[in-house]
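The values are calculated or read from the model by the stated rules, or taken from the named source; none is laboratory data. Keep in mind it's a predicted model, so treat the numbers as computed, not measured. In this analysis, Cβ positions are derived from the backbone assuming ideal geometry, glycine residues included, and neighbour counts consider all displayed protein chains.
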Amino acid sequence: MSPDRPVGALFRRFRERLAAEPGSAAGGDRAVDPGDAAAEQGPGGRDNGSRANGTGPGGGHTDAGAREAGLAPHPPRDAAPTTRRRRGGKGGGEQLTVPPAEFTSYYGRPILKPPVWRWDIAAYLFTGGLAAGSSLLAAGGQLTGRPALRRAGRVTSLAAVSASAYFLVNDLGRPSRFHHMLRVAKLTSPMSVGTWILSAFGPAAGLAAIAEVAPRLPRHGVPGLGRRLLPPVGDAAGLVAAVTAPALATYTGVLLADTAVPSWHEAYPELPAIFAGSALASGAGVGLLAAPCAQAGPARRLAVAGAALELWGSHRVENRLGLLSEPYTEGTPGALLRAGRSLTAAGVVGALVGRRSRLLSAISGGALLAASVCTRFGIFHGGVASARDPKYTVVPQRERADRRA
């Protein structure tokens, strides 16, 4: 920079050019210095397009200059101003030049990644509850001297827990993954706890079911030894399975509630109760189907207790959660849960009325089993639906933020 042009003079000349701009509050009709005007033009008197003169391609940096240049105001003001309350909720506000934002998701994708579980996990929920309920039914038959009830419960429990293991391994992809989950025991992880519960329940249920074939073994030799030893061992194993059955019936509800899926997570008090009631009702259905009317008394009592828990929990998740109850009342989940409630009520009424009717007892047992299937699949699909729609994630978050504010 040459010493004859100090910095102050440059800024003074720049302010004078700004003041001479048409429409400027400071400039008015003030004339522009010919030297400055020549500096703004290129060779041949062509305009350089400076934003300072308001006439070139970059002109109109004020609303007045934009009108004179035939340009739209910048920024555009086609949106009505809105007010935004200051943080803390105390009076006053500020004017916004943009419309209020609406919640959405990037590129139309869900905010949460929906569960990758398929139908086999919903089937696992049902078979696990059926195994737990059947083992409790078998224990009731064992303690009250009802062999038909005990036999039906033990055999069904083994079949159901075997199906549960298949569905679980099928979802994991490789059987070795189930084995790897047994390398650690983490009490804060419902999945880890559930793996150990299933590992303890399965062998006990299997041993109790195998003991049912003891009367058919020969009386002499090694089979005869098994004929004598299997019944007491089976009774002890049946009681062990019955002790672990409540944990097997309810841990899947805790597992679902421990996820970030909105309608599962918010229903954490009700899901274990629903799954426990569904397990008891399904076990009662097995007893009503397989045992004669004279031995089905514990099954009827089990049906009443299970139906009460299941209907109470289903009513709660459909009415207590506000917006997050919608996935349980609409579409496929809503239809499944309504069918489950109707089948449960019909099964309980039939079990109580048909105490002397073998046919009516069997129909009631089938209704209770079908109700358990509908309830498990309805809860499963309701949670998946809530993860796919962004509003079930965004709206509750905003409501919680408003309550904190």
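Observations on the structure shown:
- When residues of the stretch 353-383 are limited to those that are small (G, A, S) and within 25 Å of the chain's Cα centre (by Cα), the one surrounded by the most Cβ atoms within 10 Å (Cβ to Cβ): S372
- All of (1) within 23 Å of the chain's Cα centre (by Cα); (2) assigned to a loop (DSSP other than H, G, I, E, B) hold for T195 with one exception: (2).
- Taken as a whole, the stretch 343-359 holds no residue that is in contact with a helix residue (DSSP H, G or I) (Cβ under 6 Å, 6 or more places away or on another chain), modelled with pLDDT of 90 or more, outside any helix (DSSP H, G or I) and on the phi < 0 side of the Ramachandran plot.
- Test: L239 is in contact with a helix residue (DSSP H, G or I) (Cβ under 9 Å, 6 or more places away or on another chain) and part of a helix (DSSP H, G or I): yes
- Filtered residue count, the stretch 250-290, keeping only those that are under 15 Å from V193 (Cα atoms) and over 16 Å from the mean Cα position of the chain (by Cα): 1
- Qualifying residue in the stretch 158-165 (condition: modelled with pLDDT under 90, surrounded by fewer than 19 Cβ atoms within 10 Å (Cβ to Cβ), of a type in the set (S, T, Y) and out of contact with any strand residue (DSSP E or B) (no Cβ under 9 Å at 6 or more places or on another chain)): no
- Leading residue by the ranking (farthest from G383 (Cα to Cα)) among those in the stretch 245-284 that are hydroxyl-bearing (S, T, Y) and surrounded by 20 or more Cβ atoms within 10 Å (Cβ to Cβ): S282
- H179, sole failed condition from (1) out of contact with any Ser or Thr (no Cβ under 7 Å at 6 or more places or on another chain); (2) over 20 Å from A245 (Cα atoms); (3) surrounded by 16 or more Cβ atoms within 10 Å (Cβ to Cβ): (3)
- Test: A294 is part of a helix (DSSP H, G or I) and either farther than 30 Å from P390 by Cα or touching a strand residue (DSSP E or B) at 6+ places or on another chain (Cβ under 7 Å) (or both): yes
- Candidate set from the stretch 301-320 (those that are in contact with a helix residue (DSSP H, G or I) (Cβ under 7 Å, 6 or more places away or on another chain) and closer than 23 Å to R400 by Cβ); member that is surrounded by the most Cβ atoms within 10 Å (Cβ to Cβ): V317
- Any hit, the stretch 169-186, residues being under 24 Å from F380 (Cβ atoms) and either in contact (Cβ under 8 Å) with a residue 40 or more places away in the chain or more than 33 Å from the chain's Cα centre (by Cα) (or both): yes
- Criterion applied to V161, V193 was being in contact (Cβ under 8 Å) with a residue 24 or more places away in the chain, over 29 Å from A291 (Cβ atoms) and among the aliphatic types (A, V, I, L, M), and the one residue passing it is V193.
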